[in-house]
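First comes the structure, then the notes that go with it.
All of the numbers you see were taken from the coordinates with simple rules; none came from a lab. Keep in mind it's a predicted model, so treat the numbers as computed, not measured. Methodologically, a virtual Cβ is constructed for each residue, glycine included, from the backbone with ideal geometry; neighbour enumeration extends over all protein chains shown.
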Amino acid sequence: MNSMQYYSPNTLDEYQKIYSNITGKNILVFAGGTDLMVGRHELPQDAVIIDISGIAELKGIEKKEDKIVVGSCTALNELLYSHQIQNNIPILIKAIKTMASEQIRNRATIGGNIGNASPAGDTITPLVVLEARIEIFSPESNEIRTIPIEALFRGPCASTLQNGEIITKIIIPLRKDKGIFCYFRKIGQRNAMTITKASLSAIAKYSSSKIEWIKLASGSVSPVVKRMSITEEFLKGKELTTAVINEAKEIIAREISPITDIRSTKAFRVLITKNLLGDCLYYLIRQQNI
Amino acid sequence: MKNNIFSVVGKNLPRTDAYEKVTGRAQYAADISFPGMCFAAQKKTTVPHGIIKNIDISQAERVTGVEVIITHKDVPGNNISGVIKYDQPVFSFDKIYCPADVVSLVVGEDKEAVQKALTLIKIEVEELPVLSDYTHALDKDALLIHPENKSNLINHYPLRKGNIEKGFQESDVIIERTYTTPAIEHAYIEPECITAVPDFRKDVYKIYGSVQNPFTCRRIVAQVMKVPLANIHIIQNELGGSFGGKDDTMDMLAARACVACKKVGKPVRIHLSREESIIESYKRHPYTMNYKVGVSNKGILKAMKIDILADGGAYASMSPFVTWRSVVQATGPYEVKNVHTDVRAVYTNNPYTGAMRGFGSPQIIFAQESLMDELADELHMSPIEIRRINGYKQDSETASGQILSNHVVSLNQVIDKATKESDFEKKYETYKAKYSVEGNSHSINLILNDNQFSAGSNIKEGIGLACSFRGCSLGAEGVDATGSLISIQKDGSVYLISGLAENGQGLRMTFSMIAAETLGISPDDIYYLEQDTSRVADGGPTVASRSTLVGGEAVKNAAEIVKKRIEKMLIDEWELSERATFKFADHYIVHEGSGKKIAVSEACDKAYLNGVNLSAYGWFKAPEVDWDEEIGQGPAYFTYVYGCQIAEVEVNAASGKILVKRVTAVHDAGQIINRLGALGQIYGGVSMGAGYGIMEEVIVKNAEIQNINFDEYLIPTSVDVGEIRAFFVENPDRFGPFGAKSLGEPTLEITAAAINNAVANALGKRFYHLPLDLEQIKTGKTLYQIKK
Ligand SMILES: Cc1cc2nc3c(=O)[nH]c(=O)nc-3n(C[C@H](O)[C@H](O)[C@H](O)COP(=O)(O)OP(=O)(O)OC[C@H]3O[C@@H](n4cnc5c(N)ncnc54)[C@H](O)[C@@H]3O)c2cc1C
């Protein structure tokens, strides 16, 4: 009958071989499956599932001089409990802590969160402000290329990956400057197992009462997660007075393009994104005063 | 302590089924399989409302692996069914009324073949316009859902007491408010599963499944199959939750499976996916409630004019009973001389609505308890004071003219206990002083403009109180009698079964404790029989928090009949006087005069050898109740329970998120039988009530449900509801077993109202719509309202 096919390669090589033997079918890359299984009823019946979770090359967290390299099939909980991540990329820890539940985090992978390309993906906004790069393997050309994470997203739950391409690594640059402020907050209906209605990630450098630079990304309020560059530009070099913060809130409200859907309303998302930015900036001021 | 008079009743005992359930050994409907079993998948259309022009099954029939395809043509008896009114097609044939409708069943042993055939059934439907907004269902030009009725009205209950105009004239303060509540999903953990199994006897069917009310299910199936009631055996499997939700839906599924079973001559199973379950099962009624209340300067309620509209969806289902409870209890536990209530349920194309834990009370309690707090504010009184002035006392008269004299009216007792335990008054005043309600409670409140999530000042604390009275059991809804069967073996072990069914609430344990107390044995000595309609008399449905009260009394009655026979035997054996009294406790029977004693097991052995009948049928018929439908007057229920809950919340003014920090729940449920079970009812009920209060809503757009799984239909997790402190006030009832009454629904019905009052206390701003989701707190509109 029309049962689905399932493969589980152990190496990228095997992945490539399996891929080249399949023609004209719907290939579904399966990592932790925590997104895919939710939509299992809608999966095409003729789908060929390639489970990449057994590929050892896609796992692990490694520090290399000025960057941290994370394998795409690394589970969220591995990141959460990693000293490398805890010490070097606290914003990612803040984000992962708010995600799903213990059980889901044991299965869910960071590559899956990115590959799913949802504007509500909670590791995405931190990775965007961190200016992470994504390493991609193409089984057609048997080559590896690297792109900025932002270039991966095409629309809500649509990525620019093509023809069996998979994310192999996430490369997160480490900054040399000390005392970087970081902020992540998400707003959802529940205290656990909650999907983001709106969120904000920020990293910034603040010195002599001024914002030297700031990088912002809002979740769930645009078709794809992207930097809030107009707001960033506005804040650059500014002192954080109440007037500046209020103006920044208005600017970010214009920069996002939220919709009303099953999870929240446009009005709420606008209001909350403004509040998140206000919260972030006041928090920044408080941190400096300690 | 008064508990000392009992040896079993009132104790904390783990349930008989606890071990099996927590270790995964318990057998649910889908865990059981039968040789040659076929699977049946249901074909629905994508059109919410329309005329069926043609049903073409020819292509689907040809799929290898498919045994049969069932349509309305295969139904031997009634194809139109329903628990109260006959208005729901088992298989749709001329018209689609709502997205839950099923046109046909594909049956086969191969699940994949069945799924494939399902896609090949072609149904031609001429679309009709859709009526989804129930507030317009009674408009003059409204589209008619069941045109033969000439109106979309399902039922209308008026209640008239006193002189409403005079009441408002005597009032110093009059306020009028409109409240709305959304549809709610029961969210039982186990989706529906049913299997119809043929018998070697002609026209006999055994039906296994997650059935809440086996006797209702049997009646529906027998009508659809056109066979005598006795030919249909409903055998209930372990139920993975029901909350009122496995009644009509299961009856329909059982009937469809049985029709298919007859045709293929093999066992046929229907097992719904979560998505199908949410689309097909009925919901709690959305209500729109208009309350106009007049009160004197001294705080005495003078008049209440209440107009309630309930969305019944496409079928009447339990609407006539659900809304009847609303009309009885609409004023809340308050004495009002002049009352004018109208409750109407209407048809729409929406998912149909029916029984759900609470049954017409959570909605009105949300309205009336929010209103009482608002009145108190207007009059500069405390929420306790206004309730103290107007609340029911011994011999108070209800809106329907019933004098509350045959039970202890404990409203003040439960309020006192709850307010003391939670330090209500002090907290209420402290929080209120921070943000007192503004002159016009509809105005936008400034604190909600706060924008810092993390700063401590952003968390606003509030405390809120709500209370209720609730009629126990069915009341004037219907026949209220039930039976129980006990059979003691010669070694003293016992078979027990009741006409009411375990729904996961712990009934088997409660009944075992009642029988054990009566016979002086331990609940461990009792083997509770599998629920099977052929084993015990029809005892009506397991609903209305009636099991412990009505079913428990029947169990006690059965045990007492056998006990009397054992006593009589001992009187003969020991040559005692006819008036000898015995104590049955701790596995021994002691003659109170002489101190002579015998083990219960030994006495049973003796009885057996003497040919004494150790089996008995117990029965309980509820005392008479009455209702005059024209004016809504009469003694509606034979006894009542009272409860008070106090919610403490933290509202994050920046995000709008409500944390339910603590709920203090005080309930007078009469004598508690199993304390552990009763605590479980409170913990579960409060959590469900909190979900209703802050997040749950079935989002319906153009009659179609948008959130059909738990990724989008949100219920609280264990970290969303904080501490629950449970207390019992135990005023024994004169009718229930050992003085027990009701608890299941009271625990749930009050919570949302208490949370709403706590939020008002925290923010100085009132809300009128459930749920109090982030969107409503921050922008004034719930998700549900936006989607409409
Ligand atoms: C109960 C529950 C709660 C959740 N809570 C959250 C939450 O709070 N926040 C949040 O952001 N998400 C949440 N999720 C969603 C999900 O868990 C995450 O998105 C997770 O990181 C997905 O990883 P996965 O490995 O399970 O992905 P999968 O389901 O295996 O895959 C997801 C998608 O990514 C693609 N994909 C997977 N790996 C790769 C790869 N290496 N290269 C290219 N494409 C790939 C797949 O083809 C698929 O389209 C939740 C899910 C559930 C079930």
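What are the aspartates and glutamates whose alpha-carbon lies under 18 Å from the alpha-carbon of B:Lys434, with same-chain residues fewer than 8 places away excluded?
Counting by Cα, and skipping residues close in sequence, B:Lys434 has these aspartates and glutamates nearby: B:Asp373, B:Glu374, B:Asp377, B:Glu378, B:Asp423, B:Glu425, B:Asp450, B:Glu461, B:Glu648, B:Glu650.
What is the stretch A:5-51 by shape, rounded, prolate or oblate, if you read a ≥ b ≥ c off the alpha carbon gyration tensor as root eigenvalues and call it rounded for a/c under 1.5, prolate for a/b larger than b/c, and oblate otherwise?
Judged from the Cα gyration tensor, the stretch A:5-51 comes out oblate (a/c at least 1.5, b/c at or above a/b).
Classify chain B as rounded, prolate or oblate, taking a ≥ b ≥ c as the square roots of the eigenvalues of its Cα gyration tensor: rounded when a/c is under 1.5, otherwise prolate if a/b is larger than b/c and oblate if not.
Verdict is oblate for chain B.
Using the Karplus curve 6.51 cos²θ - 1.76 cosθ + 1.60 with θ = phi - 60°, what ³J(HN,Hα) values do you get for each residue of the stretch B:73-86, in whole Hz, with x for Gly and Pro?
Ordered by residue, 3J(HN,Hα) equals 5, 8, 6, x, x, 5, 8, 10, 9, x, 6, 10, 9, 8 Hz.
Can you compute the modelled spin-label distance between B:Ala18 and B:Ser33, with each label point 7 Å from Cα toward Cβ, in nm?
So the two model labels end up 3.4 nm from each other.
So if we plug the beta-carbon distance of B:His156 and B:Glu127 into 1/(1 + (r/R0)^6) with R0 = 22 Å, what FRET efficiency do we get, rounded to 0.05?
Efficiency for this residue pair is about 0.15.
Hey, quick one: spin label on B:Ala142, modelled 7 Å out along Cα-Cβ, who in the stretch B:343-363 has an amide N within reach, i.e. under 17 Å?
B:343-354
For the stretch B:281-311 and the stretch B:89-138, what is the centre-to-centre distance using only Cα atoms, to the nearest Å?
So the two Cα centres are separated by 37 Å.
What nm distance separates the two modelled labels at A:Ser229 and B:Glu723, each placed 7 Å from Cα along Cα→Cβ?
5.3 nm
Place a +1 charge on the Cβ of each Lys and Arg in chain B and a -1 charge on the Cβ of each Asp and Glu, then give the dipole magnitude about the Cα centre in debye, rounded to the nearest 20.
Result for chain B is approximately 380 debye, rounded to the nearest 20.
Round to the nearest 0.05 the FRET efficiency obtained for A:Asp177 and A:Met4 when R0 = 60 Å and r is the Cβ-Cβ distance.
For A:Asp177 and A:Met4, the calculated efficiency is 0.75.
Over the stretch B:250-356, how many pairs of lysines fall under 16 Å by alpha carbon, counting only those 8 or more apart in sequence or from different chains?
6
Assuming 0.36 nm per residue, please report the length gained on full extension of the stretch B:Glu602 to B:Glu397 beyond their Cα-Cα distance.
My answer for the length gained is 68.5 nm.
Set Lys and Arg Cβ to +1 and Asp and Glu Cβ to -1, take the dipole of the protein assembly as shown about its Cα centre, and tell me which of B:Ile80, B:Val22, B:Ile646 lies farthest positive.
The listed residue farthest towards the positive side: B:Ile646.
Could you name the aspartates and glutamates in cross-link range of B:Lys556, using Cα to Cα under 13 Å and dropping any fewer than eight places away on the same chain?
Answer for B:Lys556, where 13 Å is the Cα cut-off: B:Glu517, listed by chain and number.
Put a dot 7 Å past each Cα toward the Cβ at B:Ser615 and B:Asp199; how far apart are the dots in nm?
Between B:Asp199 and B:Ser615, the label points sit 1.7 nm apart.
Could you pull out every Cys in chain B that lacks a partner Cys with its beta carbon under 4.7 Å away?
B:Cys38, B:Cys98, B:Cys193, B:Cys217, B:Cys258, B:Cys261, B:Cys472, B:Cys604
When we measure straight from the Cα of A:Lys210, which aspartates and glutamates land under 12 angstrom away, once same-chain ones fewer than 8 places off are left out?
A:Glu239
For an R0 of 60 angstrom, estimate the FRET efficiency from the Cβ-Cβ distance between B:Trp574 and A:Arg40 and round to the nearest 0.05.
In this case the efficiency is close to 0.30.
Nothing charged except the Cβ atoms of Lys and Arg (+1) and of Asp and Glu (-1): what's the magnitude of the dipole of the stretch A:180-289 about its Cα centre? Round to the nearest 20 debye.
Dipole magnitude for the stretch A:180-289 comes out near 320 debye.
Students often get this wrong, so check it: of B:Lys166/B:Lys765; A:Lys25/B:Lys43; B:Lys122/B:Lys226; B:Lys657/B:Lys765; B:Lys432/B:Lys460, which have C-alpha atoms separated by over 21 Å?
Where the Cα-Cα span goes over 21 Å, the pairs concerned are B:Lys166/B:Lys765; A:Lys25/B:Lys43; B:Lys122/B:Lys226.
Given Cα positions, please report Rg to Rh for the protein assembly as shown, the hydrodynamic radius being the Kirkwood one.
So for the protein assembly as shown, dividing Rg by the Kirkwood Rh gives 1.00.
Among A:Ala132, A:Ala47, A:Ala204, which one shows the biggest mean-square fluctuation in a GNM of chain A, springs joining Cα atoms closer than 10 Å?
Among A:Ala132, A:Ala47, A:Ala204, the largest mean-square fluctuation in the Gaussian network model of chain A belongs to A:Ala47.
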